[in-house]
Amino acid sequence: ALAAKPALAPEAFLRAPPDRVAKARTLVADLRDALVREDRPRAEALVSGGDLLSTVGEGLITALTDSKARIRVEPLCPAGDGLYVRFVAMEEVFSAKGHDAIEMYAGPDGDSWKLFPQGPRDAIRARLVSETATVRVDPKKGTLTGEATLSVRTGRERWVPVMLDVAALDPEEEWEKERGGYTLTGLEVDGVAARFQIMPASDVIVAELSTGSELVTVRIAWEGKPGPQLNYVKPKEVLLHEAQQWLPLVGTDLADYDVTVEHPDSFEMILEGDPPPVKVSRGWVSRRSRVRADTGTTIFGRPSYAIRR
(Lines give C-alpha, C1' and ligand atoms only; values in the text may rest on other atoms or scores of the structure.)
Protein backbone atom coordinates (compact mmCIF):
# COMPACT_ATOMS: atom_id res chain seq x y z
CA ALA A 1 0.00 0.00 0.00
CA LEU A 2 1.13 3.53 -0.74
CA ALA A 3 2.22 5.59 2.25
CA ALA A 4 -0.12 8.41 3.24
CA LYS A 5 0.95 11.86 2.10
CA PRO A 6 2.71 13.90 4.78
CA ALA A 7 0.42 16.05 6.90
CA LEU A 8 0.66 19.83 7.03
CA ALA A 9 0.40 21.76 10.28
CA PRO A 10 -0.75 25.40 10.24
CA GLU A 11 2.05 27.84 9.46
CA ALA A 12 3.43 29.13 12.76
CA PHE A 13 5.11 32.36 13.72
CA LEU A 14 8.44 31.09 15.06
CA ARG A 15 9.41 33.77 17.54
CA ALA A 16 13.09 34.74 17.52
CA PRO A 17 15.02 34.67 20.82
CA PRO A 18 15.57 38.24 22.13
CA ASP A 19 19.38 37.92 22.19
CA ARG A 20 19.42 37.12 18.45
CA VAL A 21 17.16 40.08 17.72
CA ALA A 22 19.53 42.38 19.65
CA LYS A 23 22.55 41.06 17.73
CA ALA A 24 20.81 41.56 14.39
CA ARG A 25 19.82 45.14 15.23
CA THR A 26 23.37 45.91 16.34
CA LEU A 27 24.69 44.39 13.10
CA VAL A 28 22.45 46.54 10.91
CA ALA A 29 23.32 49.64 12.93
CA ASP A 30 27.05 48.88 12.49
CA LEU A 31 26.55 48.42 8.75
CA ARG A 32 24.79 51.76 8.42
CA ASP A 33 27.44 53.50 10.50
CA ALA A 34 30.22 52.08 8.33
CA LEU A 35 28.45 53.15 5.13
CA VAL A 36 27.72 56.67 6.43
CA ARG A 37 31.39 57.03 7.34
CA GLU A 38 32.31 55.69 3.87
CA ASP A 39 34.34 52.93 5.52
CA ARG A 40 33.84 50.39 2.74
CA PRO A 41 36.27 47.73 4.12
CA ARG A 42 34.44 47.73 7.44
CA ALA A 43 31.06 47.51 5.68
CA GLU A 44 32.31 44.65 3.48
CA ALA A 45 33.42 42.75 6.57
CA LEU A 46 29.84 42.82 7.91
CA VAL A 47 28.32 41.14 4.82
CA SER A 48 29.08 37.60 3.71
CA GLY A 49 29.50 36.81 0.05
CA GLY A 50 31.90 39.34 -1.38
CA ASP A 51 31.32 42.78 -2.83
CA LEU A 52 28.76 44.81 -0.89
CA LEU A 53 27.14 46.48 -3.88
CA SER A 54 26.46 43.19 -5.65
CA THR A 55 25.12 41.38 -2.59
CA VAL A 56 23.14 44.12 -0.84
CA GLY A 57 22.13 46.41 -3.68
CA GLU A 58 23.10 49.96 -4.55
CA GLY A 59 19.58 51.28 -3.95
CA LEU A 60 19.44 50.07 -0.38
CA ILE A 61 22.95 51.34 0.34
CA THR A 62 21.77 54.78 -0.82
CA ALA A 63 18.79 54.55 1.52
CA LEU A 64 20.95 53.39 4.44
CA THR A 65 23.31 56.32 4.00
CA ASP A 66 20.56 58.93 3.59
CA SER A 67 20.83 61.25 6.60
CA LYS A 68 17.04 61.73 6.61
CA ALA A 69 16.22 58.00 6.58
CA ARG A 70 15.14 56.04 9.61
CA ILE A 71 16.01 52.35 9.86
CA ARG A 72 13.57 49.77 11.19
CA VAL A 73 14.75 46.20 11.79
CA GLU A 74 12.06 43.51 11.88
CA PRO A 75 12.93 39.99 13.12
CA LEU A 76 11.15 37.54 10.83
CA CYS A 77 12.11 34.01 11.79
CA PRO A 78 14.91 32.11 13.59
CA ALA A 79 16.98 29.62 11.60
CA GLY A 80 20.06 27.73 12.67
CA ASP A 81 21.90 29.87 15.23
CA GLY A 82 20.76 33.13 13.62
CA LEU A 83 17.56 34.59 12.21
CA TYR A 84 16.05 36.22 9.17
CA VAL A 85 15.49 39.95 9.41
CA ARG A 86 13.91 42.61 7.23
CA PHE A 87 15.44 46.01 7.57
CA VAL A 88 13.56 48.97 6.20
CA ALA A 89 14.88 52.43 5.36
CA MET A 90 12.21 55.15 5.64
CA GLU A 91 12.61 58.80 4.70
CA GLU A 92 9.67 59.60 6.96
CA VAL A 93 7.12 57.64 8.95
CA PHE A 94 4.42 58.05 6.30
CA SER A 95 6.06 58.21 2.90
CA ALA A 96 4.13 58.47 -0.35
CA LYS A 97 7.17 57.03 -2.15
CA GLY A 98 7.19 53.81 -0.16
CA HIS A 99 10.13 52.26 1.64
CA ASP A 100 13.36 50.54 0.63
CA ALA A 101 13.63 47.15 2.33
CA ILE A 102 15.60 43.94 2.09
CA GLU A 103 15.44 40.57 3.81
CA MET A 104 18.64 38.87 4.93
CA TYR A 105 19.86 36.17 7.23
CA ALA A 106 21.82 37.48 10.20
CA GLY A 107 23.92 34.84 11.85
CA PRO A 108 27.22 33.88 13.47
CA ASP A 109 30.40 33.75 11.45
CA GLY A 110 33.33 32.86 13.69
CA ASP A 111 33.36 35.19 16.67
CA SER A 112 31.08 37.82 15.10
CA TRP A 113 27.78 38.12 13.26
CA LYS A 114 27.34 38.82 9.56
CA LEU A 115 24.53 39.42 7.10
CA PHE A 116 24.07 36.64 4.54
CA PRO A 117 22.23 38.05 1.49
CA GLN A 118 21.92 34.62 -0.15
CA GLY A 119 20.37 32.96 2.90
CA PRO A 120 21.73 30.79 5.69
CA ARG A 121 22.85 27.77 3.67
CA ASP A 122 26.53 28.31 4.44
CA ALA A 123 25.92 29.25 8.06
CA ILE A 124 23.96 26.31 9.48
CA ARG A 125 25.11 23.03 10.97
CA ALA A 126 22.21 20.88 9.72
CA ARG A 127 23.10 18.76 6.70
CA LEU A 128 21.22 16.59 4.23
CA VAL A 129 22.42 12.96 4.18
CA SER A 130 20.08 11.53 1.54
CA GLU A 131 16.86 12.30 -0.28
CA THR A 132 14.38 10.07 -2.09
CA ALA A 133 11.85 11.93 -4.19
CA THR A 134 9.12 11.28 -6.74
CA VAL A 135 8.14 14.18 -8.97
CA ARG A 136 5.38 14.22 -11.59
CA VAL A 137 5.90 16.81 -14.34
CA ASP A 138 2.83 17.71 -16.41
CA PRO A 139 3.84 19.92 -19.36
CA LYS A 140 0.24 20.29 -20.54
CA LYS A 141 -0.91 21.76 -17.22
CA GLY A 142 2.42 23.47 -16.55
CA THR A 143 2.63 21.94 -13.08
CA LEU A 144 4.85 19.82 -10.91
CA THR A 145 3.76 17.58 -8.03
CA GLY A 146 6.49 16.31 -5.69
CA GLU A 147 6.97 14.30 -2.54
CA ALA A 148 10.35 13.72 -0.88
CA THR A 149 11.79 11.96 2.15
CA LEU A 150 14.94 13.57 3.55
CA SER A 151 17.39 12.15 6.05
CA VAL A 152 18.83 15.18 7.88
CA ARG A 153 21.59 15.49 10.46
CA THR A 154 20.29 18.32 12.63
CA GLY A 155 23.54 19.51 14.19
CA ARG A 156 21.33 19.88 17.30
CA GLU A 157 19.69 22.92 15.73
CA ARG A 158 16.07 23.65 16.52
CA TRP A 159 15.11 25.61 13.40
CA VAL A 160 16.42 24.35 10.08
CA PRO A 161 15.94 26.17 6.75
CA VAL A 162 14.91 23.98 3.81
CA MET A 163 15.54 25.50 0.39
CA LEU A 164 12.62 25.04 -2.03
CA ASP A 165 11.03 27.29 -4.65
CA VAL A 166 7.90 27.66 -2.54
CA ALA A 167 5.52 30.63 -2.33
CA ALA A 168 4.76 32.30 0.99
CA LEU A 169 1.28 31.37 2.19
CA ASP A 170 0.31 34.95 3.02
CA PRO A 171 2.67 37.31 1.18
CA GLU A 172 2.43 40.96 2.23
CA GLU A 173 3.48 42.57 -1.01
CA GLU A 174 2.01 42.34 -4.50
CA TRP A 175 5.43 41.77 -6.08
CA GLU A 176 5.87 38.69 -3.91
CA LYS A 177 2.67 37.22 -5.36
CA GLU A 178 4.11 37.73 -8.83
CA ARG A 179 7.16 35.65 -7.92
CA GLY A 180 5.09 32.48 -8.02
CA GLY A 181 6.42 29.26 -6.56
CA TYR A 182 5.01 25.93 -5.39
CA THR A 183 2.38 25.41 -2.72
CA LEU A 184 3.58 23.45 0.30
CA THR A 185 1.10 20.59 0.91
CA GLY A 186 2.86 18.51 3.57
CA LEU A 187 5.71 18.76 6.09
CA GLU A 188 6.43 16.12 8.73
CA VAL A 189 9.39 15.52 11.03
CA ASP A 190 9.71 11.92 12.26
CA GLY A 191 6.09 11.25 11.32
CA VAL A 192 4.58 14.30 13.02
CA ALA A 193 3.31 17.43 11.28
CA ALA A 194 5.93 20.08 12.08
CA ARG A 195 5.56 23.78 12.79
CA PHE A 196 7.05 25.84 10.01
CA GLN A 197 7.33 29.29 8.52
CA ILE A 198 7.77 30.21 4.86
CA MET A 199 10.09 33.14 4.32
CA PRO A 200 8.74 35.67 1.81
CA ALA A 201 10.93 36.21 -1.25
CA SER A 202 13.56 33.77 0.02
CA ASP A 203 12.61 30.31 -1.35
CA VAL A 204 13.03 28.95 2.17
CA ILE A 205 10.88 26.94 4.57
CA VAL A 206 12.08 27.11 8.17
CA ALA A 207 10.99 23.91 9.92
CA GLU A 208 11.03 23.40 13.67
CA LEU A 209 12.86 20.15 14.45
CA SER A 210 13.24 18.05 17.55
CA THR A 211 16.64 18.90 19.01
CA GLY A 212 16.65 15.60 20.90
CA SER A 213 17.65 13.65 17.78
CA GLU A 214 20.84 13.97 15.79
CA LEU A 215 19.25 12.32 12.73
CA VAL A 216 15.65 13.04 11.68
CA THR A 217 13.41 12.06 8.79
CA VAL A 218 11.65 14.94 7.07
CA ARG A 219 8.82 14.34 4.59
CA ILE A 220 7.81 17.20 2.31
CA ALA A 221 5.12 17.46 -0.37
CA TRP A 222 4.60 20.35 -2.78
CA GLU A 223 2.76 21.15 -6.01
CA GLY A 224 2.11 23.92 -8.51
CA LYS A 225 4.07 25.98 -10.98
CA PRO A 226 7.69 27.04 -10.47
CA GLY A 227 8.51 30.69 -9.92
CA PRO A 228 9.47 32.49 -13.14
CA GLN A 229 13.07 33.24 -12.15
CA LEU A 230 14.69 30.36 -14.09
CA ASN A 231 12.57 27.20 -14.18
CA TYR A 232 9.52 26.56 -16.34
CA VAL A 233 7.11 23.74 -17.24
CA LYS A 234 5.57 24.38 -20.67
CA PRO A 235 3.80 22.20 -23.25
CA LYS A 236 6.83 22.26 -25.55
CA GLU A 237 9.71 22.45 -23.07
CA VAL A 238 10.62 21.81 -19.43
CA LEU A 239 13.57 23.11 -17.43
CA LEU A 240 14.05 22.33 -13.74
CA HIS A 241 17.49 23.59 -12.77
CA GLU A 242 19.37 22.90 -9.55
CA ALA A 243 20.07 26.65 -9.20
CA GLN A 244 16.34 27.23 -8.47
CA GLN A 245 15.43 24.51 -6.00
CA TRP A 246 12.69 22.26 -7.31
CA LEU A 247 13.82 19.59 -4.84
CA PRO A 248 14.16 20.31 -1.08
CA LEU A 249 17.73 21.12 -0.04
CA VAL A 250 19.40 21.40 3.38
CA GLY A 251 22.98 22.50 4.01
CA THR A 252 25.99 22.43 1.70
CA ASP A 253 27.49 18.94 1.97
CA LEU A 254 27.30 16.21 -0.64
CA ALA A 255 24.17 14.08 -0.34
CA ASP A 256 22.69 11.09 -2.15
CA TYR A 257 19.66 11.91 -4.31
CA ASP A 258 17.35 9.18 -5.61
CA VAL A 259 14.88 10.99 -7.86
CA THR A 260 12.07 9.42 -9.89
CA VAL A 261 10.59 11.72 -12.51
CA GLU A 262 7.18 10.84 -14.00
CA HIS A 263 6.23 12.48 -17.29
CA PRO A 264 4.08 11.85 -20.40
CA ASP A 265 5.49 9.14 -22.66
CA SER A 266 5.27 11.62 -25.55
CA PHE A 267 7.87 13.77 -23.82
CA GLU A 268 11.62 13.10 -23.83
CA MET A 269 13.41 13.96 -20.59
CA ILE A 270 17.15 14.33 -20.10
CA LEU A 271 18.22 13.22 -16.62
CA GLU A 272 21.64 12.57 -15.15
CA GLY A 273 22.68 8.97 -15.79
CA ASP A 274 20.33 8.69 -18.81
CA PRO A 275 18.01 6.15 -17.09
CA PRO A 276 15.61 4.18 -19.33
CA PRO A 277 11.86 4.96 -19.17
CA VAL A 278 9.52 2.58 -17.33
CA LYS A 279 5.77 2.57 -17.99
CA VAL A 280 3.73 3.56 -14.90
CA SER A 281 0.24 4.06 -16.40
CA ARG A 282 -1.43 4.78 -19.69
CA GLY A 283 0.41 7.64 -21.35
CA TRP A 284 2.91 8.05 -18.49
CA VAL A 285 6.44 6.78 -17.88
CA SER A 286 8.97 7.23 -15.09
CA ARG A 287 12.74 7.57 -15.07
CA ARG A 288 14.91 7.13 -11.99
CA SER A 289 18.12 9.11 -11.54
CA ARG A 290 20.65 8.61 -8.75
CA VAL A 291 23.20 11.36 -8.16
CA ARG A 292 25.55 12.51 -5.44
CA ALA A 293 25.61 16.29 -5.29
CA ASP A 294 25.39 19.33 -3.02
CA THR A 295 22.76 21.21 -5.04
CA GLY A 296 20.33 18.57 -6.25
CA THR A 297 20.05 17.85 -9.97
CA THR A 298 18.85 19.34 -13.27
CA ILE A 299 16.37 17.93 -15.79
CA PHE A 300 15.42 19.14 -19.25
CA GLY A 301 12.70 17.94 -21.58
CA ARG A 302 11.04 18.42 -24.96
CA PRO A 303 8.61 16.41 -27.07
CA SER A 304 11.50 15.43 -29.34
CA TYR A 305 15.11 16.25 -30.15
CA ALA A 306 17.20 16.42 -33.28
CA ILE A 307 20.35 14.42 -32.57
CA ARG A 308 23.61 14.28 -34.48
CA ARG A 309 26.20 11.73 -33.44
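Overall shape: oblate for the range 44-90, with the ratio a/c of the largest to smallest alpha carbon gyration tensor axis at 1.5 or above and b/c at least equal to a/b. Shown are LYS23, LYS68, whose ranking by accessible area with a 1.4 Å probe and every protein chain present, most to least, is LYS68, LYS23.
With bins 10 Å wide beginning at 0, the percent of Cα pairs of the range 1-146 falling in each bin runs 10, 32, 27, 17, 11, 2, 0.
A Cβ-based charge dipole, computed about the Cα centre of the chain with Lys and Arg at +1 and Asp and Glu at -1, lands at about 800 debye. Rounded to the nearest 10 degrees, the inclination of helix 18-36 to the longest alpha-carbon principal axis of the chain is 70 degrees. Taking all Cα pairs closer than 8 Å and separated by 6 or more residues, the relative contact order of the range 183-282 comes to 20 percent. On the basis of the beta-carbon distance and an R0 of 51 Å, SER112 and THR143 show a calculated FRET efficiency of 0.70.
For the range 157-280, the average shadow cast by the Cα convex hull is 9.3 nm², which is a quarter of the hull's surface. The spacing between the range 198-270 and the range 6-34, judged by their C-alpha centroids, is 25 Å.
In the context of the full set of protein chains, the range 215-295 has a per residue accessible area of 50 Å² (1.4 Å probe). When the chain is described by a simple charge dipole with +1 on each Lys and Arg Cβ and -1 on each Asp and Glu Cβ, the residue from VAL238, TRP159, VAL206 located farthest towards its positive end is VAL238. Among THR65, ILE220, ILE299, whose Cα projects farthest towards the positive end of the dipole of the chain, with charges put on the beta-carbon of Lys, Arg (+1) and Asp, Glu (-1)? So the residue we want is ILE299.
Taking all protein chains together, ILE71, ILE270 sort by accessible area into ILE270, ILE71, largest first [probe 1.4 Å].
One equal scatterer on each Cα of the chain, no solvent, Debye formula: the resulting log10 I(q)/I(0) at q = 0.15 Å⁻¹ is -1.18. Cross-link check: pairs LYS140/LYS234; LYS140/LYS225; LYS225/LYS279; LYS5/LYS140 evaluated at a Cα-Cα cut-off of 18 Å; pairs beyond the cut-off: LYS225/LYS279; LYS5/LYS140. Relative to the current alpha-carbon distance between ALA22 and ALA45, full extension at 0.36 nm per residue lengthens the span by 6.4 nm. Here the accessible area is traced with a 1.4 Å probe on the protein chains. For the chain, carbon and sulfur cover 49 percent of it.
Solvent-accessible area per residue in the range 1-153 equals 51 Å², computed with a 1.4 angstrom probe and all protein chains kept.
The values are calculated or read from the model by the stated rules, or taken from the named source; none is laboratory data. Being a predicted model, the structure only gives us computed values, none of them experimental. For neighbour counting, all protein chains shown are included, and Cβ atoms are generated from backbone atoms with ideal geometry for every residue, glycine included. To get the accessible areas, we keep the full protein, side chains included, count just its heavy atoms, and leave off ligands, DNA and RNA. Shrake-Rupley method; radii C 1.70, N 1.55, O 1.52, S 1.80 Å.
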